[in-house]
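Notes for the one structure printed next.
Any read-out appearing in this document is the output of simple, stated calculations on the displayed coordinates, not a laboratory observation. Predicted model, so just to flag it, every value in this text is computed and none were measured. Cβ: placed from backbone, ideal geometry, glycine included. Neighbour counts: every protein chain shown.
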Amino acid sequence: MRIIELRQEYLDLTNRILPKKAKEQHLAIRFNHCFQRIILDTLFQGCWYNHLNRSSRIPAYQQLNEDQLSRAIAIADQMIEDPQIVEELNRRSLQYRGKLSITVKTLN
């Protein structure tokens, strides 16, 4: 029963609360699927595709166990309390996926 409640809380945070907060704060990240990507990538410290079955008909959040869901919820809560962290976690997520390279400026 607890896992059902955790899944519902995760969905509420990512589908309703985070997008609403993002709109109020005028954040660049505001869509539920973006928050879910960021949270899952942060949870796994890498692209979630490498840890869960992406091709499954079972959604990613339903593949998480209770501990993983609790940690995902904690990440979402952190994003709510400190909206500035959303951009940092998004950058990390994009780096995990090879969609954002780190550039180093050199002085000549």
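When peptides 70-79, 83-92 are ranked by their average number of other Cβ atoms within 10 Å per residue, the highest-first order is 70-79, 83-92.
Once the Cα atoms are used to define both axes, helix 66-81 deviates from the longest principal axis of the chain by about 50 degrees.
Excluding same-chain residues fewer than 8 positions from Lys99, which aspartates and glutamates have a Cα within less than 20 Å of its Cα? Those aspartates and glutamates meeting the cut-off are Asp41, Glu87, Glu88. Using +1 at the C-beta of Lys and Arg and -1 at the C-beta of Asp and Glu, which of Gln8, Leu40, His26 has the Cα lying farthest in the positive direction of the dipole of region 2-43? Final value for the positive-end residue is His26. Sorting the segments 3-15, 31-43 by their mean number of nearby beta carbons within 10 angstrom, highest to lowest, gives 31-43, 3-15. Scattering from the chain was approximated by placing one identical point on each alpha carbon and applying the Debye formula without solvent; log10 I(q)/I(0) at 0.11, 0.16, 0.21, 0.23 1/Å stands at -0.36, -0.71, -1.14, -1.31. Can you tell me the orientation of helix 32-44 relative to the chain, as the angle in degrees between its alpha-carbon axis and the longest Cα principal axis, to the nearest 10? Between the helix axis and the principal axis of the chain, the angle is about 80 degrees.
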